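Okay, so here's the structure we're looking at.
The values are calculated or read from the model by the stated rules, or taken from the named source; none is laboratory data. A quick note: this is a predicted structure, and the numbers were derived from the prediction, not measured. Glycine gets a Cβ as well: all are built from the backbone with ideal geometry, and neighbour counts include every protein chain shown.
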Amino acid sequence: MRLRRLWVRHQGKLLALGILALLVILASSPTPLRDLVKREEEGVVVVRGERKKDYHDHDYLRVESRQKGPGEMGIAASLPASLDREKDDLYKVNGFNARLSDEIALNRSLKDIRHPKCKEKLYLANLPTAAVVVPFHNEHWTTLLRTAVSAYNRSPKHLLKEIILVDDASTKDFLGRKLDEYLATHLPIARVVRLPERWGLIRARLEGAKHATADVLIFLDSHTECTTNWLPPLLDPIAQDYKTAVCPFIDVIDFETFEYRAQDEGRRGAFDWEFYYKRLPVLPEDEKNMPEPFKSPVMAGGLFAISSKFFWELGGYDPGLDIWGGEQYELSFKIWQCHGTMLDAPCSRIGHIYRKFAPFPNPRKGNFIARNYRRVAEVWMDEYKQYLYMRQPGWLKVGTGDLSDQLAVRERNKCKSFKWFMENIAFDLTKHYPLVEPPDYCNGTIQSVAEPKLCVDSKLKGQFDRLDSLGQCGQSSQFMFQLTAYKDLRPLKSHNCFDVPDLKGERAPVLLFGCHKGLGNQMWKYDVDNQMIRFGHYGTHCLDASVGNKEVYVALCDATSMTQKWKWSYLNEERLRNYDNLDPKP
Ligand code: UDP
Ligand code: MN
């Protein structure tokens, strides 16, 4: 009775007291309770039993959309002619237009070039934390900082734990104390780890990884820009299975204008049997599934995420790999053969400045790249290593050094054979890059019938990529060519092919461009009966030359024109007559 009377009389006060107590508890209770409430408010949804959320920072996107200045939205920029001297000086030491970079905001905005569905994608509400590791050797100030700033600004703050810049014995003054002080003031989650001497990028990455404390390691080059929501797509597959490594799509930051653009919408990574990095087409089922992550046999190398746990189970990189070269193969083979998975995540896009030229000399004497390649081949490739040595017998003369630690990694992890990798992961690689090269259609010199003293000459005289002239026939390598089984035409053993990118009108120049083995504007055919070298699928244009000024080009085919007739020193007539029936077919 008394209690009820008390309640009735003081109802209002008691209720207020209760609410107050609840508020105090909520405010002072350890974070989980508050976190949970807040996160649910932020839009966590449950999808097939998994808590997921939208990680886009919409407020920040609005801020970015109002930014104005050179290079904003990733649009091409340029410098006034008055800065030509400064521009040249910085170009020389960087291999890109570093002076222009200084005019562009560190936090410049970029256009969103992701697959449209990326805007709607949700990722696990609980993701592991990440450490960004960036090795650098004499990197330019603003491109280095833009790497760190873009990674930081476009990441959920609770996920990016640290940015570790590894200074591989840089000699530029500003990369010393000035950099430390700048980071301490402006970007405290970033710090510099310094190496005592030039260790090269592989051991620099290893050293950075040793300093990292986050769950996931993300390696970046020192002249990159992370774009909108780049981080969650890399972390989500790792959260689901720690033995997964994830690569972003790598876009192009133009070395001259800093324009931001796609290189393409995805390929699977691979290699040829001289260990050149190559790319295979995306599989049709993965194409249908875009922009979901898809399996890739080999990473490009510079940009990827891997859990620290898995990285160290694999022994990190082989520390016997010197400077650079082969490390992307080593880690990719290890990931696959030792029970992991490698994915490309189309919704994570990071731009990279592909340099115009390599600005610094390499610090080692001797063939360290061949040594690196041999270490990878000997430990991981089993009987397949012979296909490398067959093409590069010189590598066998280079010592590998001690491999016992690497062989122990393979043993300890009970890793699968290279044959398994080739048959299950890189199963279409030999279709594009056969173990043994199929025979050429034609090779040797290409002699002009109109003027038999003259032959096609691959030594370029004008523009750097334009095949432009005839020369006095000789036996030196500049006169040797091959019409390969891929139906492309190239200087003997070259990786550049005769390419006609712009076939308009009667006459067009021939460029030497990286061979893509995709036919199209690199497809050529030798017409045995007419002695003509026909370009392309339809064969409307043919290789031609003006004997007078020795210029070479393609022109509309004319079987009566002597300057369109060419003699090869060797040709496989049977194969040429069967050309249209042989693979690859256009
Ligand atoms: N790098 C390094 N030490 C070296 C060579 C390169 O730390 O001895 C760094 C370099 O600063 C860059 C990354 O490793 O961040 C990859 O090198 P680079 O960009 O020159 O290679 P590319 O992207 O041109 O293949
Ligand atoms: Mn680079």
- region 108-142 - residue that is among the basic types (Lys, Arg) and over 20 Å from LEU303 (Cα atoms) and, of those, nearest to the chain's Cα centre (by Cα): LYS111
- Somewhere in region 150-163, is a residue out of contact with any helix residue (DSSP H, G or I) (no Cβ under 8 Å at 6 or more places or on another chain), more than 9 Å from ligand 1 (Cβ to nearest atom), assigned to a loop (DSSP other than H, G, I, E, B) and acidic (Asp, Glu)? no
- Query: What helices (runs of 4 or more DSSP H), lying completely within region 327-445, carry at least 3 residues that are within 16 Å of ligand 1 (Cβ to nearest atom) and buried (at least 19 other Cβ atoms within 10 Å of the Cβ)?
  - Reply: 327-337, 368-380
- Item | Members of region 209-226 that are more than 20 Å from ILE238 (Cα to Cα) and surrounded by 23 or more Cβ atoms within 10 Å (Cβ to Cβ) | SER222, HIS223, THR224, GLU225
- Sole residue being in contact with a Cys (Cβ under 8 Å, 6 or more places away or on another chain) and within 12 Å of ligand 1 (Cβ to nearest atom), chosen from LEU220, LEU201, LEU206: LEU220
- Given the structure, is SER170 within 16 Å of ligand 2 (Cβ to nearest atom), within 23 Å of the chain's Cα centre (by Cα) and touching a residue at least 12 places away in the same chain (Cβ under 8 Å)? no
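Taking the condition of being hydrophobic (A, V, I, L, M, F, W, C) and part of a helix (DSSP H, G or I), how many residues in region 98-119 meet it?
Residues in region 98-119 being hydrophobic (A, V, I, L, M, F, W, C) and part of a helix (DSSP H, G or I): 3 in total.
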- Item | Residues of region 341-375 satisfying the condition of being aliphatic (A, V, I, L, M), within 14 Å of ligand 2 (Cβ to nearest atom) and modelled with pLDDT of 95 or more | ILE350, ILE353
- Have a look at GLU103, GLU120, GLU64, GLU72 and point out the one that is surrounded by 17 or more Cβ atoms within 10 Å (Cβ to Cβ), at pLDDT 95 or above, among the acidic types (Asp, Glu) and over 23 Å from GLU256 (Cα atoms). GLU64
- Message: Report every pair of residues separated by at least 6 positions or lying on different chains whose Cβ atoms are under 8 Å apart, first residue within region 201-230 and touching a residue at least 12 places away in the same chain (Cβ under 8 Å) and assigned to a helix (DSSP H, G or I), second more than 14 Å from ligand 1 (Cβ to nearest atom) and hydroxyl-bearing (Ser, Thr, Tyr).
- Response: ALA209/SER308
- Query: Only one of ASN443, ASN530 is farther than 23 Å from PRO281 by Cα and in contact with a Ser or Thr (Cβ under 8 Å, 6 or more places away or on another chain); which?
  - Reply: ASN443
- Note on the structure: Of the listed residues (ASP112, ASP88, ASP180), the one being modelled with pLDDT of 95 or more, away from ligand 1 (no atom under 16 Å from the Cβ), of a type in the set (Asp, Glu) and over 27 Å from LEU231 (Cβ atoms) is ASP88
